[in-house]
Every structure is written in C-alpha cells, then in structure tokens.
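To keep things clear, I will list the structure first and then write my remarks on it.
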Amino acid sequence: TFRPNDRPVASVQQYWSRLDNSVSPETNTFDASFVKLREIRFGYAFPKKWVDKTPFGNISLGVEGRNLWLIKSNVPHIDPEANVLGTGLIGEGLERGSVPSTRSIGFNLRVTF
C-alpha cells in the first residue's frame with residue numbers, strides 16, 4: 001500500500017550514518033552474472049589495385065563501438081560493472097552515486113604514403 005513520506009529526517013548526518021552502516025538485506029543483493037557486448041571493431045582495407053591509382057600507399061576505414069549492448073543481466077536496474085569507488089574491486093555494483101556506462105561509437109580513416 002502507498003503511504004506518502006511524511007517523516008522528517010532529524011539531521012542529514014544521521015540519515016547518511018544510518019544508510020552507510022546498514023546491512024544490505026537479501027532482497028537488495030543480486031547475482032551479478034551478465035553478458036555484454038563490450039567492444040566491437042570492423043575494418044576494411046581497400047584493395048591494392050584501387051590504391052595504386054592514388055598517391056597513397058594504403059587506405060583503410062574502420063568503425064568501433066564500446067558498451068553497445070547489455071545482453072543479459074540479473075541486476076534489474078544498473079550496469080553490473082558500475083563502481084562508485086574507483087578502479088579497485090571494492091565497491092563494484094554499488095548503485096548509489098553511479099553514472100551509466102558510456103556508450104561510444106567511433107570511425108577512423110588510415111592513410112599511409
């Protein structure tokens with residue numbers, strides 16, 4: 001049943017102290033197994049017979065993408081690789097303060113003379 005939040009917090013310090021000191025209940029613990037398309041690259045080198053007609057030695061085109069698709073995750077609302085505490089293993093999967101994983105797509109052209 002719905003009940004509006006009408007209980008004032010005595011102090012901000014008290015709120016964060018209780019939150020940080022609370023034990024994670026089982027209902028908020030998830031299996032962090034996941035399948036993710038983290039990175040993919042495609043490249044094409046133009047055939048030598050095409051390049052011979054130009055002043056270039058080689059020409060290639062490429063496209064790449066990162067964090068394109070979280071295919072399967074047992075965590076319902078965040079990226080299982082989220083980490084708010086830096087690059088160490090401690091803190092992986094903590095939801096509070098996390099930002100979504102950045103998706104990026106890039107293109108490249110490589111020309112040699």
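The values are calculated or read from the model by the stated rules, or taken from the named source; none is laboratory data. None of the values given here were measured: they were computed from a predicted structure. Here the Cβ positions follow ideal geometry from the backbone for every residue, glycine too, while neighbour counts run over all protein chains shown. Heavy atoms of the whole protein, side chains included, go into the accessibility calculation; ligands, DNA and RNA do not. Shrake-Rupley method; radii C 1.70, N 1.55, O 1.52, S 1.80 Å.
Miscellaneous remarks
- Reported count of residues in the stretch 33-44, each being without any contact (Cβ under 8 Å) to a residue 40 or more places away in the chain, open to solvent by less than 90 Å² (accessible area, probe 1.4 Å) and of a type in the set (A, V, I, L, M, F, W, C), is 3.
- Of residues in the stretch 45-72 being in contact (Cβ under 8 Å) with a residue 40 or more places away in the chain and either of a type in the set (Ser, Thr, Tyr) or open to solvent by less than 40 Å² (accessible area, probe 1.4 Å) (or both), the one nearest to Phe107 (Cα to Cα): Gly62
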